[in-house]
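Read the structure below first, then the notes.
The values are calculated or read from the model by the stated rules, or taken from the named source; none is laboratory data. Everything numeric here is computed off the predicted structure, so don't read it as measured data. Reconstructed Cβ throughout: ideal geometry from the backbone, glycine too, with neighbour counts over all protein chains shown.
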Amino acid sequence: MLQVAKKEEIDAYFASPALGQSSLKKLLGDVSNFTKEFDSKGEHFLIGSAVDCILTGEEGEFERTYYTSTLEKRPSDAIADIIRGVFALVTTDYVEYLEVTAPAMFQHGHFEVVQDDLDGQNPVTSLIDFAGSLGNWRPYILQLVEECGWNAKWGEDAKFNNIVIFNEFFMDLCKSHGKTILDATQKATVDAVVESLRTHKRTAKYFDREQFASWGEQIQVFYQFPMYFEYRDVECKALLDMVIVERDLEGGIVSVQGIDFKTMNGNTFHFSSSLKSYGYHIQAAWYQLALELYFAVSPTKINNFIFVVESTTTQGKPLHIKLNDDVLLMGRYGRKAVSLIDTDMFVDGAVNVQVIRPILGFEALLDMYLYHRENGFDEEREIKELDPETPLTLSWEGYITP
């Protein structure tokens, strides 16, 4: 049996204030970043999200969410910013038009027009038809070039004419309204990654929807599986790309398998570097806990987490990687620093040398979260708990706290 989460469920998940692992991992750096919005506009995240959408989303979800630009002639950054400003003003006018002339509702970041053909109303004008072309918006163009001081010595006609030659860029913005834009190169990479994962003998089994649909109730396969749970009196959440639940004839759970799909730069064999850099061990351990609590089963019924990985730079060697127990334990509990004490009798004093830095798991991060939730995320705990008149003491290995 196959079940694919609806977009409304995914939107509700991201809107939920419950604590997720991605928020917890912000505490690995500057604690003040915890309250900042995560920037997911980087190409790595853009391609990975598009791949996930195709592989685990509903039918047609990719087309509704992404727009592929085939534009070849692109304006300079300065001109592009001006045209984007014009587009923003035009869309504001379009919204006002919809509010006056047609029933509309703002959903999922864009307006969806609800048209009842039986009431005799005229068809609603689309944004593309409403905008027409960039040349229709001369007052907005001149307003914006004046505000930014673009080629201030030019006359109005020269400014206008050198902007409107990029009408195709403006129309591209109109066509992509409400969607995430992929350029042709990015779309080609997305397609290559998807094709590799779907067809390679190591990974094809994770994407055979027809086979999943033919299985009975004893094997349940979920794509994009949102879970909500409580841990240490904190409302938590987790969103897994894939979950496979095996049940016995009576409906009892035999095993649960969590799976996440990752894209990375370079050789997939070196995934361990990405795991450590991006904290995927913390993510996997958090997901293991979520599965255990959500399904209310013994940890022994939760199989070790699997990452399915393909490269965005060189496709053709996708891997499915099961995490060993020590990786999952590291993701949950971390590891204390390891130090050596130099006791050379010919040197005055003994030096404490840290040979392995501490590694934080999600339990330590949750400790930090609970502390800062009560005391604010503006300063580190070491600073907050020190008298303002007392300076921090810095050793070679870091700050010394009371």
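A few points about this structure:
- The residues of the range 125-140 include none that are more than 34 Å from the chain's Cα centre (by Cα) and at pLDDT below 90.
- Taken as a whole, the structure places VAL221 among residues that are crowded, with 22+ Cβ neighbours inside 10 Å and either at negative phi or among the acidic types (Asp, Glu) (or both).
Listed here are the residues, each with its yes/no results for (1) in contact with a Ser or Thr (Cβ under 7 Å, 6 or more places away or on another chain); (2) among the β-branched types (Val, Ile, Thr); (3) modelled with pLDDT of 95 or more; (4) under 30 Å from ILE47 (Cβ atoms).
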{"residue": "THR70", "(1), (2), (3), (4)": "no, yes, no, yes"}
{"residue": "VAL86", "(1), (2), (3), (4)": "no, yes, yes, yes"}
{"residue": "LEU142", "(1), (2), (3), (4)": "no, no, yes, no"}
{"residue": "ASN162", "(1), (2), (3), (4)": "no, no, yes, no"}
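- Looking only at the range 236-278, residues that are farther than 22 Å from GLY20 by Cα and in contact with a Pro (Cβ under 6 Å, 6 or more places away or on another chain) come to 0 in all.
- For the range 34-63, filtering for residues that are touching a helix residue (DSSP H, G or I) at 6+ places or on another chain (Cβ under 8 Å), in a helix (DSSP H, G or I) and in contact (Cβ under 8 Å) with a residue 24 or more places away in the chain leaves 9.
- Residue satisfying condition, being surrounded by 20 or more Cβ atoms within 10 Å (Cβ to Cβ), under 20 Å from LEU360 (Cβ atoms) and aromatic (Phe, Trp, Tyr), within set TYR287, TYR333, TYR278: TYR287
- Taking the conditions (1) in contact with a strand residue (DSSP E or B) (Cβ under 6 Å, 6 or more places away or on another chain); (2) under 25 Å from PHE45 (Cα atoms) in turn, GLU292 satisfies each one other than (2).
- Here TYR13 clears all of (1) at pLDDT 95 or above; (2) among the aromatic types (Phe, Trp, Tyr); (3) not assigned by TED's automatic domain parsing to the domain that holds ALA213 except the condition numbered (3).
- Matching residues in the range 284-298 - criterion: being touching a Leu at 6+ places or on another chain (Cβ under 9 Å) and outside any loop (DSSP other than H, G, I, E, B): ALA284, ALA285, TRP286, TYR287, GLN288, ALA290, LEU291
- Pairing each residue of the range 262-285 that is under 15 Å from LEU27 (Cα atoms) with any residue that is polar (S, T, N, Q), provided the two are 6+ apart or on different chains, yields C-beta distances under 7 Å for TYR280/SER274; ILE282/GLN21; GLN283/GLN21.
- Number of positions in the range 250-282 that are in contact with an Asp or Glu (Cβ under 7 Å, 6 or more places away or on another chain) and under 22 Å from LEU46 (Cα atoms): 5
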